[in-house]
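Novice: A single structure is presented below for examination.
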Amino acid sequence: MILERMMKEEWRTQSKLYRGGKLALLPFTILILTYLGARLVTNFSTAPITDLGLLISAFGFFTGLAAGSIGFSSNDAAKNVLGDDNFIIFGSRTLPVRKSRLVLDFIVKDLAFYTGLYLLPVAAAAILASTELAIYSAYMMGLFLVGLTLSLIAANSAVKIPSKLKLLTYENIPAKPISKKSVLDVSRSSGGLLKILMSIGILLGLYWYIVSYVPIASYLLSNPLLSFAVILGMMSVTVYNWLNTYDSVEDYLHLPIDDTELLKSKFQAFKAISTVLIITILGISYLLYGGNLLLALAIAYITSFYVGAVTMFESGLNPNEEMINALTFTKFLVFVNILVIPLLSLTSLDLQLNYIVGLLVTMMVTGKIIENMSFS
């Protein structure tokens, strides 16, 4: 009964947020985009059907890993630090129900939405494109459970890491006061900053799986450090999502702070954390693959800035909710891919430096315009 109420409350909240239909449109959007992509590969390329099957299978596994991050959220919900997202779970302190039961129902509720919003549309699109992909759709479901299990174990282990190792304090974060608060909110939540590394690591793991085992994407390894820098810049946008998880505009109503100032502070925190991650991860990658490190750093930072600006413009202070709005999600894909895909292509080919620099300048200028539009 509690699980049923959680499901109804999730749907009621999301439907109210998106005026009903926009949430329901997301699975259809994913189905259409996946179907078109699958038909493009099967009918207009020389890639074997197994390549597409491997991609679908990998999608299931890495989506399971991503879904496991709810292990962090369920723990925070039990502590009543997620506001409206608690969905009854904090009531374990007053209801005659064990917290472990509520946490389990919370996780099952989220899994049902992951399956309905993402896995089933992808499976349906794959089978519609080619019946040969039916077996890979089954693999996708199974691998989703495997990835989920591994991720929940990792999340549970991270939550138990002592929080007394306070590497970040209000004094040693070089940012504005509200930006400092956002960083500290994440670092002091369940799993701390490890969940940011986990989120990015999962997405980068998917990238390395694709370029290593799917022949059609092997061209990305012709210049691995540069193409990896593009992907890293894109994936760093998860930082912005985490920074907007633990508070909302309503939490600042008693302070002389407007929405614009709060948005600027969140974006400043995003840029600071992303820059540290980019320098660290690319530094390690340079030791493994070599290449032009300075150019790779510029590519990753500018890509991160551009994708972050688009995310901020489209979703404001609610990226975790707005990105499951079908219309917002589609616009986000269009704005990002119109410049990021050409950059990924350029960095994967042996082209002159001036082409890449020209596109980077375009991305930086466009990102700055979008950033200013977000604050206006």
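No lab work stands behind these numbers, since they all come straight from the coordinates. All figures in this text were calculated on a predicted structure; none of them were measured in a lab. Here Cβ is always computed from backbone atoms with ideal geometry, including for glycine, and neighbour counts include all displayed protein chains.
Novice: Which FRET efficiency, nearest 0.05, do Ser345 and Leu40 yield, Cβ-Cβ r, R0 22 Å? Don't skip to the answer; put the middle values down first.
Specialist: Numbers: r = 16 Å, r/R0 = 0.73.
Using R0 = 22 Å, I get an efficiency of 0.85.
Novice: Rounded to whole Hz and in sequence order, give me ³J(HN,Hα) for the stretch 221-230 from the Karplus expression 6.51 cos²θ - 1.76 cosθ + 1.60, θ = phi - 60°, writing x for Gly and Pro.
Specialist: Once θ is set to phi - 60°, the couplings for the stretch 221-230 become 8, 5, 9, x, 5, 6, 5, 5, 4, 5 Hz.
Novice: In addition: Could you tell me the distance between the Cα centroids of the stretch 278-322 and the stretch 248-268, to the nearest Å?
Specialist: After rounding, the separation between the Cα centres reads 24 Å.
Novice: Same structure, new question: Rounded to two decimals, what is the ratio between the C-alpha radius of gyration of the stretch 197-290 and 2.2 N^0.38 Å?
Specialist: Working: Rg = 17.2 Å, N = 94, 2.2 N^0.38 = 12.4 Å.
So the stretch 197-290 has a normalised radius of gyration of 1.39.
Novice: Mind sorting Lys264, Lys180 by how few other Cβ atoms lie within 10 Å of their own Cβ, fewest first? List each step's numbers first, then the result.
Specialist: On the way: Lys264 18, Lys180 21.
Lowest to highest Cβ neighbour count: Lys264, Lys180.
Novice: Put a dot 7 Å past each Cα toward the Cβ at Ala124 and Val361; how far apart are the dots in nm?
Specialist: Label at Val361, label at Ala124, 4.7 nm between them.
Novice: In sequence order, what are the phi-derived ³J(HN,Hα) couplings for the stretch 324-336 according to the Karplus relation 6.51 cos²θ - 1.76 cosθ + 1.60 with θ = phi - 60°, rounded to whole Hz, with x for glycine and proline?
Specialist: Taking θ as phi minus 60°, the curve returns 9, 7, 4, 5, 4, 4, 5, 4, 4, 4, 5, 4, 6 Hz for the stretch 324-336.
Novice: How far apart, in nm, are the 7 Å Cα→Cβ label points at Ile49 and Leu333?
Specialist: Each label point lies 7 Å from its Cα, and together they span 2.4 nm.
Novice: Hey, another quick one. Any idea what the relative contact order of the stretch 165-376 is, in percent, if you count C-alpha pairs under 8 Å spaced at least 6 apart? Mind dumping the intermediate values first?
Specialist: On the way: 222 pairs, mean separation 54.0, N = 212.
That works out to 25 percent.
Novice: Another question about this same structure. Checking the table Lys195/Lys266; Lys180/Lys331; Lys181/Lys368; Lys181/Lys331; Lys264/Lys368 against a 23 Å threshold on Cα-Cα, which pairs fail?
Specialist: In this structure, Lys180/Lys331; Lys181/Lys368; Lys181/Lys331 lie more than 23 Å apart at Cα.
Novice: Which value, in Å³ per residue, describes the convex hull spanned by the Cα atoms of the stretch 260-301?
Specialist: Values: hull volume 2.1 nm³, N = 42.
Each residue corresponds to 50 Å³ of Cα convex hull volume.
Novice: How long is the gain from Thr275 to Ser222 if the chain were fully straight, where each residue apart is worth 0.36 nm and the alpha carbon distance is subtracted? Present the calculation step by step, with values, prior to reporting the outcome.
Specialist: Numbers: separation 53, 0.36 × 53 = 19.08 nm, distance 2.53 nm.
Residue separation times 0.36 nm, minus the Cα-Cα distance, leaves 16.6 nm.
Novice: Say R0 is 35 Å: what FRET efficiency, to the nearest 0.05, do Glu171 and Phe375 get from their beta-carbon distance? If you can, show how the numbers build up before the last one.
Specialist: On the way: r = 28 Å, r/R0 = 0.79.
The calculated FRET efficiency here is 0.80.
Novice: For the pair Trp208 and Met141, what calculated FRET efficiency results from E = 1/(1 + (r/R0)^6), where r is the Cβ-Cβ distance and R0 = 30 Å, to the nearest 0.05? Let's see the in-between values first.
Specialist: Values: r = 23 Å, r/R0 = 0.76.
FRET efficiency, Met141 to Trp208: 0.85.
Novice: Multiply the residue gap between Ile284 and Leu150 by 0.36 nm, knock off their C-alpha separation, and tell me the result in nm, one decimal place. Intermediate values should be presented prior to the final figure.
Specialist: Numbers: separation 134, 0.36 × 134 = 48.24 nm, distance 2.48 nm.
Result for the pair: 45.8 nm of gain on full extension.
Novice: Compute the whole-percent fraction of alpha carbon pairs in the stretch 243-376 spaced more than 26 Å apart. Please list the in-between numbers first.
Specialist: Working: 2692 of 8911 pairs.
Result for the distance tail: 30 percent.
Novice: Separation between the Asp259 and Phe28 pseudo-spin-labels, each 7 Å from Cα along Cα→Cβ, expressed in nm?
Specialist: So the two model labels end up 2.8 nm from each other.
Novice: Where does the stretch 242-284 land on the Kirkwood hydrodynamic radius, alpha-carbon pairs, in angstrom?
Specialist: Working: mean 1/r = 0.0841 Å⁻¹.
Value: 11.9 Å, from the Cα pair sum.
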